[in-house]
Amino acid sequence: MTSSPADRLHAVFWIAALAVLLVAFHALAGILTPFLLAGILAYIANPAADRLTGLGLPRAAAVLLVLGVLALIVGLLAFLIFPLFFAELETIAARAPQAIERINQDFLPWLEHRFGLHLQLDPAALKTFAAGNLGLVQNILERLYSSAQLGGSLLLSLLVNLLLVPVVMFYLLLDWHRLLGRLTQLVPLPWQARLTALANDIDAVLTQYLRGQLLVMLLLAVYYSGALWLASIPSALSIGLVSGLLIFIPYLGFASGFGLALLVAALQFAGWPPVLAVLLIYGLGQLLESFLLTPYLVGERIGLHPLAVIFALLAFGQLFGFFGVLLALPAAAVLAVGLRELRRAYLASRFYLGRQ
């Protein structure tokens, strides 16, 4: 089979364009992160802004109202969640002596009986050890201070990105339809019908994913909050909200909520029942999410294999850091639609069919 010069020229052009795009994408990853996050959020919020505009509200006022509602939701969640962490830190500090005593009474004798290791924790000795090693602590603090410039730069970069996201989101929402129209005009006329169909497929996949994932998050937040409350776990509402709302971060979200609940249960010093209750609650929650909620509410239309999910998390996390982990699944869903379209084009190509 031979290909025409025009086919070879097109292939070289698109390969070169893709290579340049990937290099630019990687080089500008740090700058693109807030724009990519703002684009995803603007895509989610655009239907609400359109509805408000349809009711007669000016576009700018509709966008500001949508951003205000989102800021209010984030503020309420922070108001519920942050006190939990401060309260648990205070609990850890207050119950540290009791924890040492319980370790000496319950865990260390078992360790000695099982493995022949004789250990004993003495709170007074620990305080003396800490006081006698202030020089070591000071040395560590000096090393941390010497690297404060780097840490400060990273913190400043994170804060700038967080502040930049709502600004970019405002302008994207304000000119959403105009920007889409300009992008459509750049598409070659013979390709517009196919790319429009592809965009509609991507929109359908993202809509199904986002709506289904939101419903899964809300249902799991209700489940974890109610179950932890019935099990008499302190801060059940806050832990349940954290556990449910962080589910959209695959693996990491579940591990964070589960670890927090387990820590709170262990700090009660009420024996094994609270810990076993947390294990049972989160085990059932994982089964509920994996075998009932996600398959029926999110569906399998995205078509991502578990290995593809893990790879997407690692790849986008490497490129965009923490925000990349948040955006990994929706971005991978979009890429999956594009790859399916490329596969169909390849199977219909003269190269695959062996035609000249």
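Segment Q286..L353, full-extension length gain: 19.6 nm, with 0.36 nm per residue of separation and the alpha-carbon distance subtracted.
Each residue of the range 166-172 was assigned a 3J(HN,Hα) from its phi angle through the Karplus expression (A = 6.51, B = -1.76, C = 1.60, θ = phi - 60°), giving x, 5, 5, 5, 4, 5, 5 Hz with x at Gly and Pro.
Stretched out straight at 0.36 nm per residue, the stretch from L18 to L77 would grow longer than its current Cα-Cα span by 17.2 nm. The trypsin sites (Lys or Arg not before Pro) of the range 156-223 include none that DSSP puts in a loop with a beta carbon having at most 15 other beta carbons within 10 Å.
Taking label points 7 Å from Cα along the Cα-to-Cβ direction, W191 and L263 give a separation of 5.0 nm. Each of L297 and L28 was given a label point 7 Å from its Cα along the Cα-to-Cβ line. The distance between the two points is 3.7 nm. Qualifying chymotrypsin sites (Phe, Trp or Tyr not before Pro) in the range 177-247, where qualification requires a DSSP coil assignment and no more than 15 other C-beta atoms within 10 Å, are lacking entirely. Extension gain, A315 to L64: 0.36 nm times the residue separation minus the Cα-Cα distance gives 87.0 nm.
Since every read-out is calculated from the coordinates, none of them should be taken as a lab result. Nothing here was measured: the structure is a model prediction, and the numbers come from that model. Heads up, the Cβs are rebuilt from the backbone with ideal geometry, glycines too, and the neighbour counts pull from every protein chain shown.
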